[in-house]
Amino acid sequence: MSNSRSGSSTFIGVDVGGTQIKAVRLEEETVIEEWRMGRQPEGWIEQVVDLVRNVGSSATVGVGVAGLVDHVSGRLIWAPHIADTDIELGLELGRRLGRRVWVDNDANCAVLAESRLGAGIGFDTVLVVMFGTGIGMGLAVKGEVFHGRGLAGEAGHMTMVPDGDPCPCGKRGCWETVVSGWRLDQGLPIMAAGTWMGRGIANLIAILDPDIVVVGGGVIDASGEEILAAARSEIGYALAGADHRESTPVVAGRFGIWAGAVGAALLPGAKRFADLS
């Protein structure tokens, strides 16, 4: 990552998730420090501001948020697990911190990290699926995040069970209602969870045909190879024409729960972000 793009050799990446805020300090593409704290239902923006002020007073800052984000303007449009919506988050953080702040969806940040620095290195098309409080998805093509018209990647809210359990997004039967951190906390067995994980990933492989699927988030950190093995087995069963197509590797991410924060630190240097200052 060239320092000339941002004017600083230190980058702070912040990942605002459904229940936690995670942050990293990145220097020359190396994670130097990590921080994690519970996210307050209210006042989380001030938490982010205080964190950046305390750990990186002069650093360049990127922020990933679990929700619909206008990645050009930095506006948080809507988030199923965060009460505050329709916020000019990039402008607000920039005003409080006295510098520009780049903002994108946290799963888009995660795929930026894994495709450029992690398990997706060497692959043209990298699909990242993050299983945490909810489910986030990001797609990178030749190292660049695919945004669609701006809001691509909300795979966690594709319907898996018509008229199923209520989802925090307001719909019913979404993918994250059958496999996510909060479902495992309710006692969902690992093998059943892995089956639902595999069914959703099989759908994504059928639609996108990526070179590799990188899986991360708290669910993977907690359950590891056991849940991934169950997911791979289900993909082999659920994917149409699986016996007639090249197998897609499904692997754990390099950065685990920290992928969103690492990718957020890479946002200032990502080529897609025009200089709006």
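The values are calculated or read from the model by the stated rules, or taken from the named source; none is laboratory data. These numbers come from a predicted model, not from an experiment. Neighbour counts run over all protein chains shown; Cβ positions are idealised from the backbone, glycine included. Ligands, DNA and RNA are stripped out before the accessible areas are found, and what is left, the full protein with its side chains, is counted by its heavy atoms. Shrake-Rupley method; radii C 1.70, N 1.55, O 1.52, S 1.80 Å.
By the Stokes-Einstein formula, at 1.002 mPa s and 20 °C, the chain with its Kirkwood radius over alpha-carbon pairs has D equal to 115 µm²/s. Using equal-weight Cα scatterers in the Debye expression, the normalised intensity of the range 166-272 in log10 at q = 0.10, 0.21 Å⁻¹ is -0.33, -1.17.
Just so you know, the Rg over Rh for the range 127-167 is 1.05, from Cα atoms, with Rh as the Kirkwood radius.
For K22, the accessible surface of its heavy atoms amounts to roughly 20 Å² (probe 1.4 Å, protein chains only, rounded to the nearest 10). Compactness of the range 33-109, taken as the C-alpha radius of gyration over 2.2 N^0.38 Å, stands at 1.02. You can think of it this way: the chain between M158 and M191 has 9.8 nm of extra reach, that is 0.36 nm per residue less the Cα-Cα gap.
Per the 1.4 Å probe, what fraction of the accessible area of the range 126-275, in percent, lies on carbon and sulfur atoms? Here carbon and sulfur together make up 52 percent of the probe-accessible area.
With helices as the sole contributors, the chain gives -10000 deg cm²/dmol at 222 nm; each DSSP H run of n ≥ 4 counts as -39500 (n - 2.57), and the sum is divided by every residue. Per-residue 3J(HN,Hα) values for the range 237-249, derived from phi via the Karplus relation 6.51 cos²θ - 1.76 cosθ + 1.60 with θ = phi - 60°, read 8, 8, 6, 4, x, 4, 6, 10, 9, 5, 5, 9, x Hz in sequence order (x marks Gly and Pro).
3J(HN,Hα) along the range 92-103, derived from phi through the Karplus expression 6.51 cos²θ - 1.76 cosθ + 1.60 where θ = phi - 60°, amounts to 5, 5, x, 5, 6, 8, x, 7, 6, 10, 8, 9 Hz, with x in place of Gly and Pro. In this rough spin-label picture, where each label sits 7 Å from Cα along the Cβ direction, the E34-A229 distance is 2.4 nm.
Expressed per residue, the C-alpha convex hull volume of the range 102-205 stands at 118 Å³. Rounded to the nearest 10 square angstrom, E88 shows an accessible area of 80 square angstrom against a 1.4 Å probe.
Evaluate Rg over Rh across the range 40-157, taking Cα atoms for both radii and Kirkwood's formula for Rh.
Expressed as Rg/Rh, it is 0.97.
Between L151 and S57, the modelled label-to-label distance comes to 4.0 nm, taking each label 7 Å out from Cα in the direction of the beta carbon. Per residue, the chain exposes an accessible area of 43 Å² to a 1.4 Å probe, with every protein chain left in place.
Once C-alpha pairs closer than 8 Å and six or more residues apart are averaged by separation and normalised to the residue number of the chain, the relative contact order reads 22 percent. Can you give me the long-range amide H partners of V101? Hydrogens built in the peptide plane at 1.01 Å from N, cutoff under 5 Å, separation of 5 or more residues or another chain. Here the answer is G94, since their amide H atoms fall under 5 Å of that of V101. Around the amide H of T10, modelled in the peptide plane, lie the amide H atoms of T60, all under 5 Å away and 5 or more residues distant in sequence or on another chain. In this structure W182 has an accessible area near 60 Å², from a 1.4 Å probe over the protein heavy atoms.
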